[in-house]
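Engineer: Okay, handing you the structure first.
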Amino acid sequence: MYREHTRKIRIGDRVIGGGNPVLIQSMTNTKTEDVESTVAQILALERAGCEIIRCAVPTQEAASALSRIKPQIHIPLVADIHFDYRLAIAAMENGADKIRINPGNIGSRERIQAVVDVAREREIPIRVGVNSGSLEKELVEKYHGVTAEGIVESALDKVRIIEELGYDNLVISIKSSDVLMCAKAHELIAKKTDYPLHVGITEAGTLFSGNIKSAVGLGIILYQGIGDTIRVSLTGDPLEEVKSAKRILKTLGLRKGGIEVVSCPTCGRTQIDLIGLANQVENMVQDIPLDIKVAVMGCVVNGPGEAKEADIGIAGGKGEGLLIKKGQIVRKVPEDQLLGVLREELLNWNQEQSGDK
């Protein structure tokens, strides 16, 4: 497994690489200069399960704001820098736990050296990021277009620049909005370096299309043992990125904890609002820290059988429904009480488990 053998890199009080758990990242979409709004969003993301947060630093004011943001949050803070090496230095001086740069747009070797010197002094890791959209003209010409091979060569060239300056506390990020190109690039680079990889499908899109592209792309990459930290990039609320990332990791067996809700597709036998009920259940279980599977079934005919692999479930009927445990019917419940009875069962279960610890 590739991730078992990548270097360990410390980001604040967290560690990625070397077989450590794959950590979930997101990025704020507030103005970083607006400290109050940025902190509020980060705290909400923390509660949702975000483990590393990145903020854009386009101005000196934003860099200075990091010193007021960091004391109020509880997860590592990454500064996202483009073009101006002075912003990278200021971000580190104001408490950034990691910086994200593309050495190709930072400028001269002397400017990159200035950034590296501060990073080395403060033991701050640098994430070297390369996107397919910013691939150098010479590499586009060499490979006759934007290709996985070109992305990898570009990234390793940037890494080599920083290594030659005497620093190797690095994380690599290579992203593309083309899912298969992105997957191939990660497969190639994982064989060429042991730096930990930050994985994501860039500019994935809206909540609908972005989730599909991210799930497919991240699924292909992570399943091969590649990737040490991930971000699901969505055009929308960053909270949705974290929810999706948690589900992707759990689906691949890379994360445990939290209730998994499964539900059947609707059919002509369905006599309840199954779609609404399933969504209500999924929202309801968010605050219950059980590592179990809950089934929501549309009819009492196939419900118990289809839900037998779940720990607990409900199956709707006409005016009433069933409470099911491990495929066995426990009792009948009036339809309007199904949700409440299920929550009560789950809370009791959680209380019993807490008492056993």
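Engineer: With the other protein chains left in place, how much accessible area per residue, in square angstrom, belongs to the chain at a 1.4 angstrom probe?
Structural biologist: 46 Å²
Engineer: Got a number for carbon plus sulfur as a percent of the stretch 154-197's accessible area, 1.4 Å probe?
Structural biologist: 47 percent
Engineer: Further, regarding this structure: Of all GluC sites (Glu not before Pro) in the stretch 71-171, which ones are in loop regions per DSSP and have a Cβ with at most 12 other Cβ atoms within 10 Å?
Structural biologist: GLU123
Engineer: How much length would be gained if the chain were fully extended between ASN283 and VAL216, taking 0.36 nm per residue of separation minus their Cα-Cα distance, in nm to one decimal?
Structural biologist: Stretched fully, the ASN283-VAL216 segment lengthens by 21.7 nm.
Engineer: Pairs LYS8/LYS175; LYS184/LYS246; LYS213/LYS325; LYS142/LYS243: which are spaced more than 30 Å apart, C-alpha to C-alpha?
Structural biologist: In this structure, LYS213/LYS325; LYS142/LYS243 lie more than 30 Å apart at Cα.
Engineer: At a 1.4 Å probe, what is the % contribution of carbon and sulfur to the accessible area of the stretch 200-354?
Structural biologist: 51 percent
Engineer: Under a cut-off of 12 Å between alpha-carbon atoms, report the aspartates and glutamates in cross-link reach of LYS256, not counting same-chain residues fewer than 8 places apart.
Structural biologist: List returned: ASP291.
Engineer: Then there is this: Identify the trypsin sites (Lys or Arg not before Pro) of the stretch 8-106 meeting these criteria: DSSP loop state and at most 14 other C-beta atoms within 10 Å of the C-beta.
Structural biologist: Within the stretch 8-106, the qualifying trypsin sites (Lys or Arg not before Pro) (loop, at most 14 other Cβ atoms within 10 Å) are LYS8.
Engineer: Any chance you could run the full-extension gain for ASP157 through GLN60? It's 0.36 nm times the residue separation minus the Cα-Cα distance, nm to one decimal.
Structural biologist: 32.1 nm
Engineer: Here's something else I'd like to know. How high is the relative contact order of the chain? Use alpha-carbon pairs under 8 Å, at least six apart in sequence, and give a whole percent.
Structural biologist: For the chain, the relative contact order is 12 percent.
Engineer: How far, in nm, would the chain grow between GLU164 and SER354 when pulled straight, counting 0.36 nm per residue and subtracting the alpha carbon separation?
Structural biologist: 63.1 nm
Engineer: Averaging sequence separations of C-alpha pairs under 8 Å and six or more residues apart, then dividing by the length of the stretch 30-178, give the relative contact order as a whole percent.
Structural biologist: 17 percent
Engineer: Please give the calculated 222 nm ellipticity per residue for the chain, where each DSSP H segment of at least 4 residues contributes -39500 (n - 2.57) and the sum is spread over every residue; nearest 500 deg cm²/dmol?
Structural biologist: Estimated from H runs of four or more residues: -13000 deg cm²/dmol.
Engineer: Which one of SER263, GLN337, ASN348 is farthest out on the positive end of the charge dipole of the stretch 248-357, using unit charges on Cβ (Lys, Arg +1; Asp, Glu -1) and the Cα centre as origin?
Structural biologist: SER263
The values are calculated or read from the model by the stated rules, or taken from the named source; none is laboratory data. The structure displayed is predicted, hence computed values, not measured ones. Note that we place each Cβ from the backbone using ideal geometry, even for glycine, and neighbour counts take in every protein chain shown. To get the accessible areas, we keep the full protein, side chains included, count just its heavy atoms, and leave off ligands, DNA and RNA. Shrake-Rupley method; radii C 1.70, N 1.55, O 1.52, S 1.80 Å.
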